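Shown next, in structure tokens, is the structure this report addresses.
The values are calculated or read from the model by the stated rules, or taken from the named source; none is laboratory data. Remember, it's a predicted structure, so these values are computed and weren't measured experimentally. Glycine gets a Cβ as well: all are built from the backbone with ideal geometry, and neighbour counts include every protein chain shown. Side chains are part of the model used for accessible areas, which takes the heavy atoms of the whole protein and leaves out ligands, DNA and RNA. Shrake-Rupley method; radii C 1.70, N 1.55, O 1.52, S 1.80 Å.
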Amino acid sequence: GCMAIMTTTIAATGAVAVGSMGAMTANSPSSNFSLTLLNSIGLGFLTKINLRTLELVLVFLLLIGIISVYLSYRFHKNRYPLILSILSSILIYISIFVVMSNALYYISLVGLIIAPVWNFYGKTKKA
């Protein structure tokens, strides 16, 4: 039940973070930090994947994260984690594929990490 939804949300958020870092590295060859981080955790191959493929994977993972937060929302009725998840997902996509903004990317990434934690906290407080 609740633990499965939380696990899915955290997994989707982590995958989005890695996928979007790969997309940013593919877009910005000078981004040594992202390249070094991906290589150090064994995910350097993400920088060699076609950018369009990364974009589709990112959208898919963002949708999984939003859906899992929505499923939890149906139980605890706290709309703020859902709103944060949706806004962060939109902004992370924009920061990578539209305006190429590192600041917007990192702010969005923080939102994607906070939303499922807040979501989980809301569920445990209601129980």
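Quick notes on this one:
Residues are listed down the side, and each one gets a yes or a no for (1) among the hydroxyl-bearing types (Ser, Thr, Tyr); (2) within 10 Å of Asn119 (Cβ to Cβ):
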residue	(1), (2)
Ile67	no, no
Ser72	yes, yes
His76	no, yes
Arg79	no, no
Ile83	no, no
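- Screening Ile10 against (1) surrounded by 15 or more Cβ atoms within 10 Å (Cβ to Cβ); (2) touching a Leu at 6+ places or on another chain (Cβ under 9 Å); (3) at pLDDT below 70 leaves a single unmet condition, (2).
- Boolean, Ala115 is small (Gly, Ala, Ser) and open to solvent by 20 Å² or more (accessible area, probe 1.4 Å): no
- Of residues in the stretch 49-96 being open to solvent by 60 Å² or more (accessible area, probe 1.4 Å) and polar (S, T, N, Q), the one modelled with the lowest pLDDT: Asn50
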